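Asker: Let me begin by handing over the structure; questions about it come next.
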Amino acid sequence: MQPRCSDTIIRLDIEADLLSNVLLEMEPDGVVVVCDTHTRELCLPHLLSRLGSYTPEVITIEPGEQNKSLETISLLWDRFYHLNLSRKTVVILLGGGSLLDIGGFAASTFKRGMPCINVPTTILAAVDAAVGGKRGFNFNETKNIIGSFYPSSYVGLDPGFFRTLPLTEKLSGWAEILKHALLEPDRKALIELLKEDRQPETLSLQEWGNLISRSIRTKQRIVEEDPYENGVRQMLNLGHTFGHAVEADMLHNRKKELPHGFAVAAGIIMELYLSFKLLGFPQELLTKVCYYIRDTYPVVPFNCKAYNTLIAYMEQDKKNRGKVISAALLKDIGLYAYGTPLSPTLCKEAMDFYRDLYNT
Ligand code: GLY
């Protein structure tokens with residue numbers, strides 16, 4: 001078996017035999033695919049056609065954030081146990097971010113770890129969860145609070161899987177691509193994204209493939225510098241301090257699943273506002289990005305009565321030191337200020353800014 005390397009990207013759309021060749025090199029004693037009820041129907045047949053002579057066992061779990069739980073992990077361990085998988089069995093994870101997180105966590109802990117290949121089936125998962133090795137699940141209403149770092153051996157990227165994604169899903173992934181563009185020191189990536197003729201609904205699959213590959217490179221650059229998030233990797237959480245809070249509030253208090261990228265887009269507005277206020281982030285860029293998000297993403301509804309609840313969620317953020325909320329902000333595009341402390345008063349001001357922008 002090849003030693004486990006970190007998220008080597010293989011473009012399955014460019015070379016059809018790549019996945020079966022990679023499996024041959026890995027010399028597994030078996031292959032298992034973990035998918036969910038959606039990806040089993042929409043993506044599994046295509047994946048199976050790429051596996052050459054390998055006939056995998058298939059394990060299907062329920063999709064969605066609600067199932068990103070200890071119960072699902074336990075169910076996966078139970079299936080791994082009864083299939084008597086070994087540390088030489090390759091686990092192919094076929095799905096969106098939740099499936100990659102949860103399936104990867106189960107695989108990383110069973111018999112102390114089986115090699116994984118991530119095959120993301122959403123744009124969001126391709127640019128975020130598939131790379132960087134974060135695995136985990138939700139616990140006590142807090143997203144991803146139990147987890148580990150366990151990179152995949154390979155990431156199989158096939159934009160063909162994105163063909164059937166609804167616009168909501170495309171927009172969700174677009175928000176993470178926008179976040180990565182803000183983390184690039186050179187403005188080119190951001191300017192390209194904000195162009196009117198380059199919008200999620202108009203891109204061809206090839207354009208998506210290239211855009212996603214570029215976005216992944218930004219993430220890989222940062223993860224390579226700081227794989228365990230002691231410093232600069234916190235920047236990948238731009239938009240997520242507020243984003244995770246509004247997402248949790250929607251899920252637990254309003255019983256609605258907000259697409260992750262929509263929450264991140266809202267979070268980017270609030271965090272760029274604070275970047276401007278505290279660190280002198282350029283106003284013209286703040287305005288440009290905020291108007292773009294406002295015109296592209298629907299409002300995330302919350303009023304001032306929800307502020308303290310949102311702050312309570314932010315106080316659980318993994319980036320915090322003690323009880324102080326700590327955010328990953330920007331002095332300018334590509335100029336990082338992670339570990340910026342935020343008081344509840346500042347957080348409320350940023351929420352006011354968001355609501356004023358959307359006029360709610
Ligand atoms: N999703 C942020 C990271 O992987 O660090």
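Asker: Of Ser152, Ser148, Ser86, Ser98, which residue is open to solvent by less than 10 Å² (accessible area, probe 1.4 Å) and either closer than 22 Å to Glu247 by Cα or in contact with an Asp or Glu (Cβ under 9 Å, 6 or more places away or on another chain) (or both)? Don't jump to the end; show me each part of the working.
Answerer: Numbers: Ser148 fails: open to solvent by less than 10 Å² (accessible area, probe 1.4 Å); Ser86 fails: open to solvent by less than 10 Å² (accessible area, probe 1.4 Å); Ser98 fails: open to solvent by less than 10 Å² (accessible area, probe 1.4 Å).
Matching residue, one of Ser152, Ser148, Ser86, Ser98: Ser152.
Asker: Starting from the range 242-264, take each residue that is open to solvent by 10 Å² or more (accessible area, probe 1.4 Å) and list its partners that are of a type in the set (Lys, Arg) and in a loop (DSSP other than H, G, I, E, B), counting only C-beta distances under 9 angstrom and pairs at least six apart or across chains.
Answerer: Within 9 Å, the pairs are Met250/Lys256.
Asker: Can you spot a residue in the range 112-125 that is part of a helix (DSSP H, G or I), open to solvent by 10 Å² or more (accessible area, probe 1.4 Å) and more than 11 Å from the ligand (Cβ to nearest atom)?
Answerer: Filtering the range 112-125 for residues part of a helix (DSSP H, G or I) gives 112, 123-125.
Those still in the list that are open to solvent by 10 Å² or more (accessible area, probe 1.4 Å) too: 112, 124.
Checking the rest, the ones that are also more than 11 Å from the ligand (Cβ to nearest atom) come to 112.
Within the range 112-125, one or more residues are part of a helix (DSSP H, G or I), open to solvent by 10 Å² or more (accessible area, probe 1.4 Å) and more than 11 Å from the ligand (Cβ to nearest atom).
Asker: Going by the structure shown, is Tyr273 open to solvent by less than 50 Å² (accessible area, probe 1.4 Å), touching a Phe, Trp or Tyr at 6+ places or on another chain (Cβ under 8 Å) and farther than 21 Å from Leu258 by Cα? Spell out how you get there, then give the answer.
Answerer: Values: open to solvent by less than 50 Å² (accessible area, probe 1.4 Å): yes; touching a Phe, Trp or Tyr at 6+ places or on another chain (Cβ under 8 Å): yes; farther than 21 Å from Leu258 by Cα: yes.
Yes.
Asker: Against the definition (assigned to a strand (DSSP E or B), of a type in the set (A, V, I, L, M) and either within 24 Å of Ala106 (Cβ to Cβ) or open to solvent by less than 10 Å² (accessible area, probe 1.4 Å) (or both)), how does Val22 come out, yes or no?
Answerer: Numbers: assigned to a strand (DSSP E or B): no; of a type in the set (A, V, I, L, M): yes; either within 24 Å of Ala106 (Cβ to Cβ) or open to solvent by less than 10 Å² (accessible area, probe 1.4 Å) (or both): yes.
No: the conditions fail for Val22.
Asker: Just to be sure I understand the filter: pairs with C-beta atoms under 7 Å, separated by 6 or more residues or on different chains, first member in the range 187-204 and within 21 Å of Phe162 (Cα to Cα), second member in a helix (DSSP H, G or I) and of a type in the set (Val, Ile, Thr). Which pairs pass?
Answerer: Leu193/Ile177
Asker: Take the range 126-144 and flag every residue that is in contact with a Lys or Arg (Cβ under 7 Å, 6 or more places away or on another chain) and in a strand (DSSP E or B).
Answerer: Correct list: Phe137, Asn138.
Asker: Regarding the range 302-321, can at least one residue be identified that is surrounded by fewer than 20 Cβ atoms within 10 Å (Cβ to Cβ), within 24 Å of the chain's Cα centre (by Cα) and more than 28 Å from Lys255 (Cβ to Cβ)?
Answerer: Yes.
Asker: How many residues are open to solvent by 20 Å² or more (accessible area, probe 1.4 Å) and either without any contact (Cβ under 8 Å) to a residue 24 or more places away in the chain or away from the ligand (no atom under 11 Å from the Cβ) (or both) when one looks only at the range 214-225?
Answerer: Of the residues in the range 214-225, the ones open to solvent by 20 Å² or more (accessible area, probe 1.4 Å) are 214, 217, 220-221, 224-225.
With the extra rule that they be either without any contact (Cβ under 8 Å) to a residue 24 or more places away in the chain or away from the ligand (no atom under 11 Å from the Cβ) (or both), the set shrinks to 214, 217, 221, 224-225.
Result for the range 214-225: 5.
Here's the yes/no breakdown for (1) within 12 Å of the ligand (Cβ to nearest atom); (2) assigned to a helix (DSSP H, G or I):
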| residue | (1), (2) |
| --- | --- |
| Thr164 | no, no |
| Lys170 | no, yes |
| Leu211 | no, yes |
| Pro227 | yes, no |
| Leu236 | yes, yes |
| His252 | no, yes |
| Leu258 | no, no |
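Asker: Pairs only if they're at least six apart or on different chains, beta carbon under 6 angstrom, first in the range 28-51 and touching a residue at least 12 places away in the same chain (Cβ under 8 Å), second surrounded by fewer than 16 Cβ atoms within 10 Å (Cβ to Cβ) and in a loop (DSSP other than H, G, I, E, B); list them, first residue then second.
Answerer: Pro28/Lys88; Asp29/Ser86; Asp29/Lys88
The values are calculated or read from the model by the stated rules, or taken from the named source; none is laboratory data. In this text the structure is predicted, and so the values were computed from the model without any measurement. Counting neighbours? That spans all protein chains shown, and the Cβs are built from the backbone with ideal geometry, glycine included. To get the accessible areas, we keep the full protein, side chains included, count just its heavy atoms, and leave off ligands, DNA and RNA. Shrake-Rupley method; radii C 1.70, N 1.55, O 1.52, S 1.80 Å.
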